[in-house]
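> Please read through the structure below; I'll follow up with questions.
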Amino acid sequence: MICIPITAVSNKEALHDVRRSCLIADAVELRMDLIADGSLVDLISAARSSSDTVKIIVTCRSNEEAAAVGNLSGRGSGTKNKKDKKMTILKKAIKLGADYIDIELAEGSTAIESLKLYCEKPGGSTKIIISYHNVRKTPTLARLKEIFHQCREYKPAVVKIVTYAQKPDDNLKMLDLIPYAQKRHQEIIALCMGEEGRISRVVAPFLGNFLGFAMLPQTTQSAPGQLTVCRMRQINKLLRDDETQQTPPAFSREEHQFNNYILLGNPVKQSLSPPMHNAALDDLGIKGRYNAFCVYDLAAAVQGIRGMDIRGASVTIPFKSAVMEYLDDVSDDAIKIGAVNTIVNDNGRLAGFNTDWLGLIIPLGEAMTIKGKKFVIIGAGGTARAAAYGIMKEGGFPVIVNRTAENGKLLSSALQCPFYALKEIGKIKADCLINTTPVGMYPHLDKSPVDDAALAGYKYVMDVIYNPLQTKMLKDAGQAGCLIIPGLDMFVHQGAQQLKLWTGKEPDRALMKKVVLERLAGVE
Ligand code: NAP
């Protein structure tokens, strides 16, 4: 089980995080000591209405334990966390039907026994987690076992022991506790905090830890060393996958069923994916429709794919990276690129893929030899990453050029390739130039990301933009004597690869290209 601690500063933000978390996690932990005006009634009902299965844990840490977490320390006032207030909150959680309440061993037998009695009242279903935290170090294994038995004396549903790892060996002590508890038929959460403790977070699920904690993207860790949900799932996938067994999506549905496919993006009005995909679906004899949706709430849109049994989705700007958090599986290519442009819904299980890199490599490889050649890529976004990934996979050498140096350097250091500022582009000697920025896209037809003087040194120039068919940059390149590669073929190939993933069938790429050309003739 993956549990997301809800640590937002206000009830409003916490409600938002609860709804997002319920879509991607198995449990949420409501940190009532941190949510300043947190309303248990609101938060529990938001979780219940977002998911039938998600488990709710309610926690109200003491100041000392909350202060363990550097970036959350100082939140939660002294008075707020007084013991009587804490007891009131936990009793209320039991009354509201939380699945678990977490009470520290340090709170002592009177508090623990009183909460147990509350849980055992007729109709009650809440279970108790008894926890121990050591925010400075990891005690010896013998001491950890003693603590385990002290917790266990109260017969809790789960014992939770979390310590601070000062050195890698500390993980081993903590991980030892998991089989130790299992032999005694006791559910346990055993983890080490801190950077050195990350390994315990990765390995513990494989040993049978009751649950692991992960954070939502763009939120604060509730304990140091926590990974995001996506990272946890990616690591689990990497460790569980048999590399020889590539898992193709299953196509178990009946052929006569009507299949819906969608495009998620914002904006999507200009997209030519709907006519292209619909023509290919009709040609393949697949009963289905592809529609574009302008998305404002990504989490809700992904939930809609599951809820409305949408068979597949394309993902475009600005969601290609953000969407990864909400998926059950992400392909190795997409993980390496850091972006998903295709979702396959396999009976409610959403898998993410990236077809942009292949879409780009196919026409590029048809125009020139990639192996051993040098490619200047303008841009450092998702498409630049996909382009660089594909080029490197084919044995070519990318060079990143970007407007914002920080973004460009980040990508170039991840790829271990050179970076140049856009104004320095004239200094580079390379075989091919590829624009992956939106500069020159409809309706800004008179714009080019580079001066025409900078184009003369390239034999090949490619633009990923397909509307217009020939951007200003490609026109300038043609006049400078370069061989030009327009973005239309990339668009068709990335779309065809999507259809293959969704339907298992090879679409007619010439037909797809014809449909887009017809539409462009009408649009331009
Ligand atoms: P992205 O992640 O937002 O990245 C855009 C990149 O372009 C960033 O590096 C940004 O630089 C740069 N940029 C934006 N405006 C700029 C400007 N005015 N001057 C200089 N640089 C600028 O977008 P993306 O997902 O990579 O998509 C980029 C383009 O590729 C879009 O036009 C999209 O339609 C196209 N595309 C085409 C296909 C196809 O099939 N043909 C497939 C995928 C994408 P900073 O870092 O400085 O912000």
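The values are calculated or read from the model by the stated rules, or taken from the named source; none is laboratory data. Everything numeric here is computed off the predicted structure, so don't read it as measured data. As a convention, Cβ positions derive from the backbone with ideal geometry for all residues, glycine included, and neighbour counts pool all protein chains shown. These accessible areas exclude ligands, DNA and RNA; they are computed on the full protein's heavy atoms, side chains included. Shrake-Rupley method; radii C 1.70, N 1.55, O 1.52, S 1.80 Å.
> Among the listed residues 284, 272, which satisfies the condition of being away from the ligand (no atom under 16 Å from the Cβ) and touching a residue at least 12 places away in the same chain (Cβ under 8 Å)? Lay out the reasoning, then the answer.
Values: 272 fails: away from the ligand (no atom under 16 Å from the Cβ).
Checking each option against the conditions leaves just 284.
> Turning to a different aspect of this structure: One residue is enough: does region 450-471 have a residue meeting the conditions in contact with a strand residue (DSSP E or B) (Cβ under 6 Å, 6 or more places away or on another chain), over 14 Å from residue 375 (Cα atoms) and in contact (Cβ under 8 Å) with a residue 40 or more places away in the chain?
The answer is no, given that none of the residues of region 450-471 is in contact with a strand residue (DSSP E or B) (Cβ under 6 Å, 6 or more places away or on another chain), over 14 Å from residue 375 (Cα atoms) and in contact (Cβ under 8 Å) with a residue 40 or more places away in the chain.
> Take the residues in region 392-416 that are among the aliphatic types (A, V, I, L, M) and in a strand (DSSP E or B), then tell me which one is nearest to residue 429 (Cα to Cα). Working first, answer last.
We begin by selecting, within region 392-416, every residue among the aliphatic types (A, V, I, L, M); these are 392, 399-401, 405, 410-411, 414-415.
Next cut, in a strand (DSSP E or B) only: 399-401.
Values: 399: 10, 400: 13, 401: 13 Å.
Within region 392-416, the match that is nearest to residue 429 (Cα to Cα) is 399.
> Only one of (1) under 18 Å from residue 356 (Cα atoms); (2) in contact (Cβ under 8 Å) with a residue 24 or more places away in the chain; (3) open to solvent by 10 Å² or more (accessible area, probe 1.4 Å); (4) more than 9 Å from the ligand (Cβ to nearest atom) is not met by residue 480, so which one is it?
That leaves (1) as the condition not met.
> Still on this structure, I have one more. Where the second residue is open to solvent by 40 Å² or more (accessible area, probe 1.4 Å) and not acidic (Asp, Glu) and the first is in contact (Cβ under 8 Å) with a residue 24 or more places away in the chain and lies in region 111-131, which pairs have Cβ atoms under 6 Å and are six or more apart or on separate chains?
118/91
> Within region 483-506, which residues are more than 15 Å from residue 356 (Cα to Cα) and either basic (Lys, Arg) or within 15 Å of the ligand (Cβ to nearest atom) (or both)?
Going residue by residue through region 483-506, those that are more than 15 Å from residue 356 (Cα to Cα) are 483-485, 502-506.
Matches in region 483-506: 484, 485, 505.
> Looking at (1) surrounded by fewer than 18 Cβ atoms within 10 Å (Cβ to Cβ); (2) part of a helix (DSSP H, G or I), which one does residue 123 not meet, given that it meets all the others?
Failing condition for residue 123: (2).
> A further question follows. Of everything in region 132-149, what is free of Cβ contacts under 8 Å to residues at least 24 places away in the same chain and under 15 Å from residue 160 (Cα atoms)? Give them in sequence order. Please lay out each step first, then the result.
Filtering region 132-149 for residues free of Cβ contacts under 8 Å to residues at least 24 places away in the same chain gives 142-143, 146, 149.
Hits for region 132-149 are 143, 146, 149.
> Taking residue 408 as the residue in question, decide whether it is within 11 Å of the ligand (Cβ to nearest atom), under 14 Å from residue 381 (Cβ atoms) and open to solvent by less than 60 Å² (accessible area, probe 1.4 Å).
On the way: within 11 Å of the ligand (Cβ to nearest atom): yes; under 14 Å from residue 381 (Cβ atoms): yes; open to solvent by less than 60 Å² (accessible area, probe 1.4 Å): yes.
Yes: the conditions hold for residue 408.
> Still on this structure, please answer the following. Which is assigned to a loop (DSSP other than H, G, I, E, B), farther than 29 Å from residue 25 by Cβ and more than 15 Å from the chain's Cα centre (by Cα), of 310, 286? Show your work before the answer.
Working: 310 fails: farther than 29 Å from residue 25 by Cβ.
Of 310, 286, the one residue that is assigned to a loop (DSSP other than H, G, I, E, B), farther than 29 Å from residue 25 by Cβ and more than 15 Å from the chain's Cα centre (by Cα) is 286.
> Another one. Go through region 354-391 residue by residue and tally those that are within 24 Å of the chain's Cα centre (by Cα) and either part of a helix (DSSP H, G or I) or within 7 Å of the ligand (Cβ to nearest atom) (or both). So that I can check it myself, show each step before the final result.
Within region 354-391, the subset within 24 Å of the chain's Cα centre (by Cα) is 354-360, 379-390.
Filter again for either part of a helix (DSSP H, G or I) or within 7 Å of the ligand (Cβ to nearest atom) (or both), leaving 356-360, 379-390.
Residues flagged as within 24 Å of the chain's Cα centre (by Cα) and either part of a helix (DSSP H, G or I) or within 7 Å of the ligand (Cβ to nearest atom) (or both) within region 354-391 amount to 17.
> Hey, another quick one. Of (1) outside any helix (DSSP H, G or I); (2) more than 9 Å from the ligand (Cβ to nearest atom); (3) open to solvent by 20 Å² or more (accessible area, probe 1.4 Å), residue 423 satisfies all except one. Which?
Among (1) outside any helix (DSSP H, G or I); (2) more than 9 Å from the ligand (Cβ to nearest atom); (3) open to solvent by 20 Å² or more (accessible area, probe 1.4 Å), residue 423 violates only (1).
> Residues of region 126-141 being open to solvent by 40 Å² or more (accessible area, probe 1.4 Å) and assigned to a strand (DSSP E or B), which ones?
Hits for region 126-141 are 127, 132.
> For region 142-179, enumerate the residues that are of a type in the set (Lys, Arg) and either open to solvent by 60 Å² or more (accessible area, probe 1.4 Å) or closer than 29 Å to residue 115 by Cα (or both). I'd like the intermediate steps shown before the answer.
The first filter runs over region 142-179 and keeps only residues of a type in the set (Lys, Arg), leaving 143, 145, 152, 155, 160, 167, 173.
Selection gives 143, 145, 152, 155, 160, 167.
> Name the residue that is nearest to the ligand (Cβ to nearest atom), counting only residues in region 291-346 that are open to solvent by less than 10 Å² (accessible area, probe 1.4 Å) and of a type outside the set (A, V, I, L, M, F, W, C).
So, considering only residues that are open to solvent by less than 10 Å² (accessible area, probe 1.4 Å) and of a type outside the set (A, V, I, L, M, F, W, C), the one nearest to the ligand (Cβ to nearest atom) is 341.
> Taking region 440-484 as the search range and keeping residues that are closer than 14 Å to residue 376 by Cβ, in a loop (DSSP other than H, G, I, E, B) and among the β-branched types (Val, Ile, Thr), which one is farthest from the chain's Cα centre (by Cα)?
Here the answer is 450.
> Same structure again: For residues that are in contact with a helix residue (DSSP H, G or I) (Cβ under 6 Å, 6 or more places away or on another chain) and either free of Cβ contacts under 8 Å to residues at least 60 places away in the same chain or of a type in the set (A, V, I, L, M) (or both), tally how many sit in region 487-505. If you could, list the steps in order and put the result at the bottom.
Of region 487-505, the ones in contact with a helix residue (DSSP H, G or I) (Cβ under 6 Å, 6 or more places away or on another chain) are 489-490, 492-497, 499, 505.
Restricting the remaining residues to those that are either free of Cβ contacts under 8 Å to residues at least 60 places away in the same chain or of a type in the set (A, V, I, L, M) (or both) gives 490, 492, 496, 499.
Residues meeting the conditions: 4.
> To continue, here is another question. Which residue, of 58, 28, 41, 9, is aliphatic (A, V, I, L, M), open to solvent by 30 Å² or more (accessible area, probe 1.4 Å) and under 24 Å from residue 133 (Cα atoms)?
Details: 58 fails: open to solvent by 30 Å² or more (accessible area, probe 1.4 Å); 28 fails: open to solvent by 30 Å² or more (accessible area, probe 1.4 Å); 41 fails: under 24 Å from residue 133 (Cα atoms).
None of the others qualify; the one that does is 9.
> Still on this structure, I have one more. So which residues in region 426-459 are open to solvent by 50 Å² or more (accessible area, probe 1.4 Å) and either within 15 Å of the ligand (Cβ to nearest atom) or among the aliphatic types (A, V, I, L, M) (or both)?
438, 439, 441, 442, 443, 444, 445, 446, 447, 451, 453, 456
> Of all the residues that make up region 44-55, how many are among the β-branched types (Val, Ile, Thr) and either crowded, with 21+ Cβ neighbours inside 10 Å or without any contact (Cβ under 8 Å) to a residue 12 or more places away in the chain (or both)?
Keep residues of region 44-55 that are among the β-branched types (Val, Ile, Thr), which gives 44, 53-54.
Keeping just the survivors that are either crowded, with 21+ Cβ neighbours inside 10 Å or without any contact (Cβ under 8 Å) to a residue 12 or more places away in the chain (or both) gives 44, 54.
Adding up the residues that qualify gives 2.
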